[in-house]
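Q: This structure is in structure tokens; I'll ask about it shortly.
The values are calculated or read from the model by the stated rules, or taken from the named source; none is laboratory data. Nothing here was measured: the structure is a model prediction, and the numbers come from that model. Here the Cβ positions follow ideal geometry from the backbone for every residue, glycine too, while neighbour counts run over all protein chains shown. The accessibility values were calculated without ligands, DNA or RNA, using every heavy atom of the protein model including side chains. Shrake-Rupley method; radii C 1.70, N 1.55, O 1.52, S 1.80 Å.
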Amino acid sequence: MNAETAAALVRGLCIDLSGKPQFVVSDPLAETPSAAGTLSLELDDGDALDRAAEKIRACYAAWKKLQGENSEEPAGEVILPACASLAVSGKSAALYWIDGDFDSANRRRLEKNAVPRKLNAARESGVILPQERAEIVKNKVALVTGAAQGIGEEIARNLAAAGAFVFIADLNTGAAENLSQQINDDAGRRAAFALGVNVADEKSVQAMFDAVARTTGGLDLCVSNAGVLRAGSVLEQELSDFQFVTDINYTGFFIMAKHAGRLLRSQHCAAPAWKTDIVQINSKSGLEGSNKNGAYAGGKFGGIGLVASFAMELVEYNVKVNAICPGNFLDGPLWSHPEKGLFVQYLNTGKIPGAKTLADVRAAYEGRVPMKRGCTGKDLVRALFYIVEQQYETGQALPVTGGQIMMH
């Protein structure tokens, strides 16, 4: 039992008790405060997840009694620790600071404030209130790959603007750090945190999720957005290009889902009713194929198969797995880059018969859409918020194509 897994279990316990997102900030080198409010956790190296969750819940029950709390406390009110110390097989392993948002949890860490918190637990009602819809991602922890630019950047900015805490994960760590700082400045709070990752490298992905567990204790939404495209005819394309696209778009999603799923499973063991999400940003090319672009379409078709398969497996842990299949982001760098963009690639490969200029290629693609325009970041983010809000769907591929892809 490592400190990262234990952090996810602690976060799960606090979510389960409160019915609300919680942040668990690890402080591995700090001395345990002497305050009586600290929750002491005792685990063993060989503890399985279920056993560890049981032990943590038992430690909480004993701690609660020490706080003078009993079964007669006001209905709906819960008491949560602000600090928890972890010992594994008798050795001090970590210290966790807990609160309802990242800044508050980090402030407790800096101030060594272990005073317990009392709050009213969230309760479901029979109607959907406007406030609930407005706060669908508020104080939730999200991670977006390929988030330093393009559509990933738009997803990250919109999540942060809606109140989420967002990990900006990207191979370009410098760009991720710059975007994180911009988002934090705009939000006036710590709303984003940069992480470097290569989604095709399993060790890199595992290290990223370990960092997530140390920073926030867990995760509520994982958006697998990182992707690449190299167009080419099946008669001409180099195998190395085909493999490069497949490694990122298909195998990379498998690696992401594997390690996100493990973290979410740990959290679920202590918060069995809490629903979480893995969302793959797929493509309309995953629904209908793409001429002279088989590596990309093939990986996206395969991604939808993975989404459906992972959804069937991970539902046991209350993890929903879905895909969003957007139409073409014609104004984004993937399409409009003056040297590497798809307009240039498709013009050079002759994908659009008769096209003489980049404007001809764009007009051809706009003409295929009933709504006569490309997809935007807002279009996709609305679909993402729907998926998070919807509690009764998993294993779906949601088109956002302006009518270009209709019912099958």
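Q: Of everything in the stretch 315-350, what is open to solvent by 20 Å² or more (accessible area, probe 1.4 Å) and touching a strand residue (DSSP E or B) at 6+ places or on another chain (Cβ under 9 Å)? Give them in sequence order.
A: Once the filter is applied, which keeps residues that are open to solvent by 20 Å² or more (accessible area, probe 1.4 Å) and touching a strand residue (DSSP E or B) at 6+ places or on another chain (Cβ under 9 Å), the stretch 315-350 yields 315, 317, 318, 345, 349.
Q: Identify all residues within the stretch 325-345 that are touching a residue at least 40 places away in the same chain (Cβ under 8 Å) and under 18 Å from residue 373 (Cα atoms); write none if there are none.
A: Selection gives 325, 326, 327, 328, 329, 330, 331, 332, 333, 334, 342.
Q: Look at the stretch 79-107 and say how many of its residues are more than 24 Å from the chain's Cα centre (by Cα), of a type outside the set (Ser, Thr, Tyr) and assigned to a loop (DSSP other than H, G, I, E, B).
A: Number of matching residues: 3.
Condition check ((1) open to solvent by less than 20 Å² (accessible area, probe 1.4 Å); (2) in a strand (DSSP E or B); (3) more than 16 Å from residue 25 (Cβ to Cβ)) across all residues:
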site: 144; (1), (2), (3): yes, yes, yes
site: 148; (1), (2), (3): yes, no, yes
site: 156; (1), (2), (3): yes, no, yes
site: 169; (1), (2), (3): yes, yes, yes
site: 179; (1), (2), (3): yes, no, yes
site: 185; (1), (2), (3): no, no, yes
site: 194; (1), (2), (3): no, yes, yes
site: 198; (1), (2), (3): no, no, yes
site: 203; (1), (2), (3): no, no, yes
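Q: Scan the stretch 133-161 and report the pairs whose first residue is more than 18 Å from residue 391 (Cβ to Cβ) and hydrophobic (A, V, I, L, M, F, W, C) and whose second residue is open to solvent by 70 Å² or more (accessible area, probe 1.4 Å) and at pLDDT 95 or above, with Cβ atoms within less than 7 Å and a gap of 6+ or a chain change.
A: Sorted first by the residue in the stretch 133-161, then by its partner, the pairs are 148/172.
Q: From the list 164, 160, 142, which one is in contact with a Cys (Cβ under 8 Å, 6 or more places away or on another chain) and within 23 Å of residue 12 (Cα to Cα)?
A: 142
Q: State which residue is farthest from residue 139 (Cα to Cα) when the search covers only the stretch 86-103 and only residues that are open to solvent by 20 Å² or more (accessible area, probe 1.4 Å) and hydroxyl-bearing (Ser, Thr, Tyr).
A: This residue is 89.
Q: Can you tell me which residue in the stretch 104-114 is modelled with the highest pLDDT, limited to those that are open to solvent by less than 30 Å² (accessible area, probe 1.4 Å) and aliphatic (A, V, I, L, M)?
A: 105
Q: Across the stretch 210-251, what is the total count of residues that are open to solvent by less than 70 Å² (accessible area, probe 1.4 Å), touching a residue at least 60 places away in the same chain (Cβ under 8 Å) and under 16 Å from the mean Cα position of the chain (by Cα)?
A: The qualifying residues number 16.
Q: Tell me, which residue of the stretch 115-136 that is at pLDDT 85 or above and either under 22 Å from residue 160 (Cα atoms) or touching a Cys at 6+ places or on another chain (Cβ under 6 Å) (or both) is least open to solvent (accessible area, probe 1.4 Å)?
A: Result: 136.
Q: For the stretch 351-373, give me the residue count where each residue is open to solvent by less than 50 Å² (accessible area, probe 1.4 Å) and either part of a helix (DSSP H, G or I) or within 26 Å of residue 146 (Cβ to Cβ) (or both).
A: Residues in the stretch 351-373 being open to solvent by less than 50 Å² (accessible area, probe 1.4 Å) and either part of a helix (DSSP H, G or I) or within 26 Å of residue 146 (Cβ to Cβ) (or both): 6 in total.
Q: Next question. Does the stretch 255-297 hold any residues that are acidic (Asp, Glu) and surrounded by fewer than 22 Cβ atoms within 10 Å (Cβ to Cβ), and which are they?
A: The one that is acidic (Asp, Glu) and surrounded by fewer than 22 Cβ atoms within 10 Å (Cβ to Cβ): 288.
Q: Looking only at residues in the stretch 298-312 that are free of Cβ contacts under 8 Å to residues at least 40 places away in the same chain and open to solvent by 40 Å² or more (accessible area, probe 1.4 Å), which one is nearest to residue 382 (Cα to Cα)? Break it down stepwise before answering.
A: Step one: of the stretch 298-312, the residues free of Cβ contacts under 8 Å to residues at least 40 places away in the same chain are 301, 305, 309.
Pick out the ones that are also open to solvent by 40 Å² or more (accessible area, probe 1.4 Å) and you get 301, 309.
Numbers: 301: 23, 309: 25 Å.
The residue in question is 301.
Q: May I ask you to say which residue of 196, 217, 188, 227 is at positive phi and touching a strand residue (DSSP E or B) at 6+ places or on another chain (Cβ under 8 Å)?
A: On the way: 196 fails: at positive phi; 188 fails: touching a strand residue (DSSP E or B) at 6+ places or on another chain (Cβ under 8 Å); 227 fails: at positive phi.
None of the others qualify; the one that does is 217.
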